[in-house]
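Below you'll find the structure, written out as structure tokens, and then a few comments.
What follows is calculated from the coordinates using simple rules that are stated; it is not laboratory data. Remember, predicted model here, so these are calculated numbers, not experimental data. Note: ideal-geometry Cβ built from the backbone for every residue, glycine included; neighbour counts use all protein chains shown.
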Amino acid sequence: MVKFNEIISASLEWTAAVLFRPFSPKKWLILTFIAFLAGAIAGGNSNLNLQERDNRTREASAARQYEQKSFQTAKISSPEQKSISKKEIENLFKKSVTGPVIFIIILAVIAGIVLFIVLSWLCSRFYFIFLEDVTKNDASIVVPFKNNRVIGNSFFKFNLIFILLLICIVALIVFLGFISLSNIGAFSKDASLGFWKILSAILPAILLFVFVVIVCALIGLIMNDFVTIVMFKDKIKIIPAIKKVFSTLVLNKLNFVLYVLIKIGLAISSSIIYSIASFVAVMSLIFPAAIVASVFYFIFKVIPKNMQSIFMVVVVLAAIPVILFLWYCLVCMYLPFAVFFRTFSIKFFGRLNDRYDLFKCTGE
């Protein structure tokens, strides 16, 4: 049985060594940039955040459906209002959907897809850069970027296929839910269904969606926490690495379950600590910001009116980089958690399989 208290203590010790011995602001800024692109700044476990976002999406979708149903009910009670609203909507649609608008929409969609693919490719490469820098107690970008080209591209291809497959599965679940609602007449003009009847109709789709989210979260955790370690150590592509990881986890089922549960607890704890620290940091900036704003407001009032517009432009241009820097400093506050969780996964998997203890390879 793996001793998790020892792994947590060792991870905390290595995190302190990387970030505080010695403390280097430049190293913090670079490592934060790397961790941010690697997706490690999103939380202790990005998959948990994915589930939370999906839950919020479902709640928002349910609220929109309820509002739409209420709106349709109100329109049915007044036939004239219904016809007028429909006509207005049709006129608005005809006026807005023109050739140039359609072209712009298509162009925006294509640009969004291209941007998503490029960012996904970049994040896949930076995932290994962050892994290498944490292991070697470094903050390099150029050399690790070149060294991890093959495995980074392999990880990117898997992520892209996985996301596309997930989108198709979610679309299928939504379609099944739509069919279930259609079968009970939820979309008919005279529909007057109760909440429980609608819920019972779409409950299988909801349960299937929750199951898919849980499975995807576990797959993402295994890929991000363990498969990347094997890929990095053996310099192999993702499929052979997956086989090696699963052969190790099959022999350590209980340890893996405990790892998932402990990491969930650590992720929740880190989120609470970071939220409190961020709140304190923001509160500490309010008083100095109020003083600076008061000074600028006084200057704005005393200067000639023909200079006020120029002054405002200068102030805004000067404030933008300052605000971005302060935001980046808040992001930097999460770096110790990101380094800890990356170290925690490496040390845990190293206990399961000696060969993949990356810190032994670097002489830590």
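Tell me the label-point distance for the pair S275, E6, using the 7 Å Cα-to-Cβ offset, in nm and rounded to one decimal.
Result for the modelled spin labels: 3.5 nm.
Using the number of other C-beta atoms within 10 angstrom as an exposure proxy, rank Y274, Y297 with the fewest first.
Lowest to highest Cβ neighbour count: Y297, Y274.
Using a simple spin-label model with points 7 Å from Cα along the Cα→Cβ vector, what separation in nm is obtained for L172 and L258?
3.7 nm
Rounded to the nearest 0.05, what FRET efficiency do I239 and S24 give with R0 = 51 Å and r taken as the Cβ-Cβ distance? Could you check?
My answer for the efficiency is 0.85.
In what order do R21, R342 fall by count of nearby beta-carbon atoms within 10 Å, going from fewest to most?
Exposure proxy ranking, most exposed first: R21, R342.
Tabulate in residue order the Karplus-calculated ³J(HN,Hα) for the stretch 142-156, using 6.51 cos²θ - 1.76 cosθ + 1.60 with θ = phi - 60°, rounded to whole Hz; enter x for Gly and Pro.
Result, rounded to whole Hz: 4, 5, x, 4, 6, 5, 9, 5, 5, 5, x, 5, 5, 5, 5.
Most exposed first by the Cβ proxy, i.e. fewest other Cβ within 10 Å, how do Y356, Y328 rank?
In increasing order of surrounding Cβ atoms, one gets Y328, Y356.
Using 0.36 nm times the number of residues separating I161 and V212, minus their current alpha carbon distance, what extension gain do you get?
16.8 nm
Which ³J(HN,Hα) values, rounded to whole Hz and listed in residue order, are derived for the stretch 225-230 from phi using the Karplus coefficients 6.51, -1.76 and 1.60 in 6.51 cos²θ - 1.76 cosθ + 1.60 with θ = phi - 60°, glycine and proline given as x?
Once rounded to whole Hz, the list reads 8, 10, 4, 5, 5, 5.
Apply the Karplus parameterisation 6.51 cos²θ - 1.76 cosθ + 1.60, with θ equal to phi minus 60°, to every residue of the stretch 32-41 and state each ³J(HN,Hα) to the nearest whole Hz, in sequence, with x for glycine and proline.
Running phi through 6.51 cos²θ - 1.76 cosθ + 1.60 with θ = phi - 60° gives 5, 4, 5, 5, 5, 5, 7, x, 7, 8 Hz.
Work out how much length I104 to F287 would gain on full extension: take 0.36 nm times their residue separation and subtract the Cα-Cα distance, in nm to one decimal.
Using 0.36 nm per residue and subtracting the Cα-Cα distance, I get 61.4 nm.
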